Amino acid sequence: MDYVKRAFLYLRRRIGKTLLLVLVMTAILTFMLAGLIIQNAALTAVNNSKNAVGTTVTLSANRAKLFQQNQGSASSSTQTPPVGRFRINEAIIGLNTAKKIASLENVAAYQITASASVNASSFTAVLSSNSNSNGGFGRMQGTDSGDISVSGLSSTAANSNFKNKNYVMKKGRGITSSDANTNNVIIEEVLASNNHINVGDTIKVKDSSSNVKNLKVVGIYQAKTSTDQTFGQMQDPSNTIFSSYTLASSLAGDAGKVSNVVYTLTDSSKEKAFVKSAKKIISGNLQLTTSDQIYEMLTSSVKSIESIASKIVWIVGIAGIAILTLILILMVRERRHEIGILMSLGEEKAKIIGQIFVETISVLVLSLCFAGVFGSFFGNSVGQQLISQQNTSQQSLRSGFGGPGGGNPNQAGPNGNATGSGNPSNSRAFGGQMRQFGTTLTGNSQLNKLSTHVNIGTLLELGAFGLVIVAIATLLGAIPIISLKPKRILISE
Amino acid sequence: MTLTVQKLTHYFNHPDDYLYKNVSLKFDPATLYAIVGESGSGKTTFVSFLAGLDSPVSGLISYNGKDIRKIGLTKYRNQDVTVVFQAYNLMNYMTALENVVSALSITKSKHAGNRQYAIDLLASVGIEGELATKNVQKLSGGQQQRVAIARALAVDAPIVVADEPTGNLDEQNTKEITEIFQRVAHQSKKTVIMITHDQKVADMADVKIMLENRQFTVKNSPDKVSDDKPPAVLIN
């Protein structure tokens, strides 16, 4: 019977002590597994969001500067600006500037976006159930907002809502770059159905100057997501019309200007060089936001969770070593007599330590199974708790910025595209930099729901941690064995 | 196959307060030795040196002409010597059989893994049937000592050192255990060194070594050993 068999025999015959050790080890591993699950889930979410954000640079209005300028002009003016009319026009990017930057090296593609608010003329907008009950942000912020939002873009195919199948083409075709300088639009299925509109029909809308424009319906799409009711009727995806950015700019009275351009780069390592070149082209009222910045904003909460989880793993690991070492020291003390007998039979100290190691490893394996079950529940509950806390604090922060631009991270805005096109309802009245952040969150729902499931990889990782803990604890706990003398244990005169 | 002690001196605190000084003894195979002495005379300390459980302050203990420290005390205990203790010192989470089987494995005996050999050996010392598969804590003192002896006999070590093996036993058990030791010495041809304070037990040995007033004196048993080949002698 070698030391391995002796170890198993000891575990079987001293079942009470074995179970106690399994209990302690399971507790240590459960905490550690919870930490690992959260940490891994957070890392996965961060990586996924990095992929979702991609390597992009967004050209938009510098809201801070525009705000300052607006304040300056307001203070120098003798008249106080009317309440509710104070807004910043973000559509200040000249198309020539946008295209000049697009011609720079390393640009793989670009998406131009613009938005406008119009009123339905030849048809009726879809009414949200509570659109009039609390007004929503849309109604509260300005009286000039129409009941239909026009979301202008280069191509619907590059829009994240269409990419993610939140919006699906049902009839006709989507908007493409060939629709530039045309009145072609696509409308939502419910709006089309309510008003008996088909592909090929012409609809009429009134722009902000009450000019009636004819729009040609080239496609009908279906919005699968419902809107956040607090945003009001215009935020209902059914009331969003997609068009080319040229039409949206024209309807907004900003012909030739757009609010947002997103450049997708071929090589992420050249991002800085691209920004440097682009900055030479743009004026001070415009700004360039890199995907890194967006990525940082997006992932800050998850990184914070990952950091907490990492600390949990380390603290539990160190505490585990300490606890297990103490237990093993006490165990060695209690088993001095047995160790003395083994030594009197000429058993090597290394094998005696080996026996204790095998015993502890066996306990570890059993505990891993239990921890696998408990850790999953524990990790899931702690992970969701952390997420909810982080989201609460983040939403409070967004509220502090003064608008829904931060968006509801759980939900894509109707125009939310991965490249940050903005909220079409009244992007000029709302948003700002946080708007871009909010809309970019579209497609990053993984940030709000961590995948806290136990997989083989996590269990192996936990096993490796457990092995290190057991190895260190056994070595430390076995130190007293090295100095044991069999005569002192077994013979006393 | 001789165990030799040369100029062994030992003390605990001060050289003047020695237990024994310059002791030289020789132990031959196939002989039962009894070391007799008063409590505190240093008998157990002496056999702990012979058993490789401890080292004296000075002096040489050699087996087959090799210093046991050079053999390595662990290896010496593993291969050359086995110990029977007064307190039995059995592995208390094992059965009688498992104690013997594990000793066979630890000492890498030629019978390692042979359960039947262990069962037969236990039977030869009176541990048979259910007793062999009982946890040792459920056995009586005499039975536990028989298991300890079976364990000592099972291993291939040619030297058996027993520290007061009958100290906790009744008269009948004492007699039976001592007879087992006699058989081990004479039939298994092992060197058996037994400590006792019981004169009756000592009288059953081939050679009595008295430890009195820090001096060893040897008394051969004339009816058991021929004079031309004394089994133990005081050297010098």
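Across the stretch A:367-375, coupling constants 3J(HN,Hα) worked out from phi with the 6.51/-1.76/1.60 Karplus curve, θ = phi - 60°, read 5, 4, 4, 5, 5, x, 7, 6, x Hz, and Gly and Pro carry x. The simple spin-label model puts a point 7 Å past each Cα toward its Cβ; for A:Ala109 and A:Ala64 those points are separated by 3.2 nm. For chain B, the longest principal axis of the alpha carbon atoms and the long axis of helix B:141-154 meet at an angle near 80°.
Across the stretch B:1-126, how large is the tail of the calculated P(r) beyond 19 Å, expressed as a percent of all Cα pairs? Numbers along the way, then the final one.
Numbers: 4561 of 7875 pairs.
Tail fraction, whole percent: 58.
With a Förster radius of 41 Å applied to the beta-carbon distance between A:Arg173 and A:Ser307, the computed FRET efficiency rounds to 0.30. Among A:Phe242, A:Phe374, B:Phe181, the ranking by other beta carbons within 10 Å of each residue's beta carbon, starting with the fewest, stands as A:Phe374, B:Phe181, A:Phe242.
Spin-label model, A:Ile479 to B:Lys200: label points 7 Å out along the Cα-to-beta-carbon direction sit 5.2 nm apart. Listed by Cβ neighbour count within 10 Å, with the fewest neighbours leading, B:Thr217, B:Thr44 appear as B:Thr217, B:Thr44.
Taking the Cα centre of chain B as origin and assigning +1 to Lys and Arg Cβ atoms and -1 to Asp and Glu Cβ atoms, the resulting dipole is close to 780 debye. Ranked by the mean number of other Cβ atoms within 10 Å per residue, highest first, peptides A:299-312, B:83-96, A:33-46 order as A:33-46, B:83-96, A:299-312. Measuring between their Cα centroids, the stretch B:172-211 and the stretch B:71-131 lie 20 Å from each other. Across chain B, the mean sequence separation of Cα contacts (distance under 8 Å, 6 or more residues apart), normalised by length, yields a relative contact order of 30 percent. Taking the helices alone, chain B has a mean residue ellipticity at 222 nm of -9000 deg cm²/dmol, built from -39,500 (n - 2.57) per DSSP H run of at least 4 residues and averaged over all its residues. Here A:Glu334, A:Glu189, A:Glu359 are placed in order of increasing Cβ neighbour count within 10 Å, fewest first, which gives A:Glu334, A:Glu189, A:Glu359.
Helix B:96-106 axis versus longest C-alpha principal axis of chain B: approximately 60°, rounded to the nearest ten.
With a Förster radius of 25 Å applied to the C-beta separation of A:Leu20 and B:Thr133, the computed FRET efficiency comes to 0.40.
Under the 0.36 nm per residue contour assumption, what length would be gained going from the current alpha-carbon distance of B:Glu179 and B:Asn92 to full extension?
Numbers: separation 87, 0.36 × 87 = 31.32 nm, distance 2.60 nm.
Computed gain between B:Glu179 and B:Asn92 is 28.7 nm.
A short reminder: the numbers here are calculations on the coordinates, not readings from a lab. Just so it is clear, the structure is predicted and the values come from calculations on it, not from any experiment. Virtual Cβ from ideal backbone geometry, glycine too; neighbours counted across all protein chains shown.
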